[in-house]
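The numbers here are math on the coordinates, done by the rules we state, and not lab data. Computed from a predicted structure; not experimentally measured. Positions of Cβ are generated from backbone atoms using ideal geometry, with glycine treated the same way; all protein chains shown enter the neighbour counts.
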Amino acid sequence: MGTPGFCRACEDDEVTWTAPRPTAPLQAVVALPGSKSLTNRALVLAAITEGRSVLRRPLRSRDSELMVGALRVLGVTVTDDGEDWVVDGVPGPLAPLGRAIDVGNAGTVARFVPALACLAVGDLAFDGDPRVRERPLGPLLVALRALGADLSSVDALPLTVRGTGSLRGGSVVVDASQSSQLLSGLLLAGPRMTEGLIVRHEGGRLPSAPHLAMTVDALRAAGAVVDDSVPGVWSVEPGPLLARDSPVEPDLSTAAAYLAAPLVAGGSVTVTGWPADTRQPGAVLPELLEAMGGLVTRTPDSVTVTGTGAIHGIDADLGDAPELTMVLTALAALADAPSRFRGVAHIRLQETDRLKALVTELGHCGADAEETDDGLVVRPVPLSGALLSSYDDHRIAMAWAVLGLGVDGVSVDDIATTRKTVPDFVGSWSRLLGS
């Protein structure tokens, strides 16, 4: 099964999709789309770099297309070259070609681009889907204003950035306990701040720490000088960045649905292109699936999961890999013992309130699931089919596809939302099942 491409059937948000049941044990090889997190970080850095950068096999999905659209509004040239994107960066003040940026429901666009807009000359209005207005943004905006930005608001979207072509920078304190992207949005622009940047996190537990490490790695690969030797403090020196050729790793969080499938359906699924060394939070997925009953085998560039006929309940802290919560919860509903997932209180503030959505929709199938302060508990009971809502959330929609492998009559109200990270989820899922 090749890399998922665009599926015309997924264009229609109104079509209810019936999750297919397996007719035989799985035997599939999956080449996943590129990482959304790596794609959008590479795009931002390429945009403020002198010279031409190439992103090799980036993710082409709604979120990354929104990022490309935002950069084009800022006056950055992004062109197609087969599967790749070519970015001609602008090392000086940005000259916008428009006055409005649509962030959709993309957290990376909403949090990474406002700092870039400060480097443009003129006013730029930011807004997006209704849900994005509810997602945490205030701590980033307060920090930007302290660093010299002229903003219409420091609360949430909609927002107007009154760019002057530069941003002073300096030292700032941020509470990023609601999203590590609040820090990454500052760090990525740090090399272009006149005085550089020193940012300190003060607040609750910092979620998704691997994503911050990914940001630091991306900056260093682009030639930035970053000091993260003091826990909770990041320093970025001002200076030019290097144009580069950037291969994009496959999205390991997206791998969750595909590699979880054989635990339910039997057989084996192999994901190719698995990096030997990566900062992606999804790298812990094989160990978690093994704990839940899968047999995991590896080669230098692939991971294979084979079903053993059993799905076990687990107790896991997913604070560093919250994107896995949805699929693992679907597996937990089919397990032989209760499961508890901890450290993910902040996913209430993502594409939707993910904890509430999981508990509510599983309840429609008769499941025994409840929220806790920082996660949820699932106690397996017999399940029945139901029409389940995706809440316009790609990870939740994929979780219901996994649940549907083991429960007759599961359908999803908006499978098209998976295009946020998988352009052709329906087609790829059908090929996974051999249909």
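Here are a few things to note about the model shown:
- Normalised by the number of residues in the chain, the mean separation of alpha-carbon contacts (under 8 Å, six or more apart) gives a relative contact order of 19 percent.
- Fewest-first ordering of Glu249, Glu323 by other beta carbons within 10 Å of each residue's beta carbon gives Glu249, Glu323.
- Relative contact order of segment 131-248, taken over Cα pairs closer than 8 Å and 6 or more residues apart, is 21 percent.
- Residues of segment 373-398 with amide N under 14 Å of a point placed 7 Å along Cα→Cβ from Asp315: 376-378
- Ordering of 282-291, 400-409 by burial proxy (mean other Cβ atoms within 10 Å per residue, highest first): 400-409, 282-291
- Taking the centroid of alpha carbons for each part, segment 39-102 and segment 226-276 are 20 Å apart.
- Summing charges over all other residues whose Cβ lies under 12 Å from the Cβ of Trp85, with Lys and Arg as +1 and Asp and Glu as -1, gives -2.
- Beta bridge orientation in the chain: antiparallel %, DSSP, nearest 5: 65
- Largest GNM mean-square fluctuation among Leu186, Leu140, Leu295, using the chain with Cα springs under 10 Å: Leu295.
- Ordered by the number of other Cβ atoms lying within 10 Å of each residue's own Cβ, fewest first, Val377, Val199 fall into the sequence Val377, Val199.
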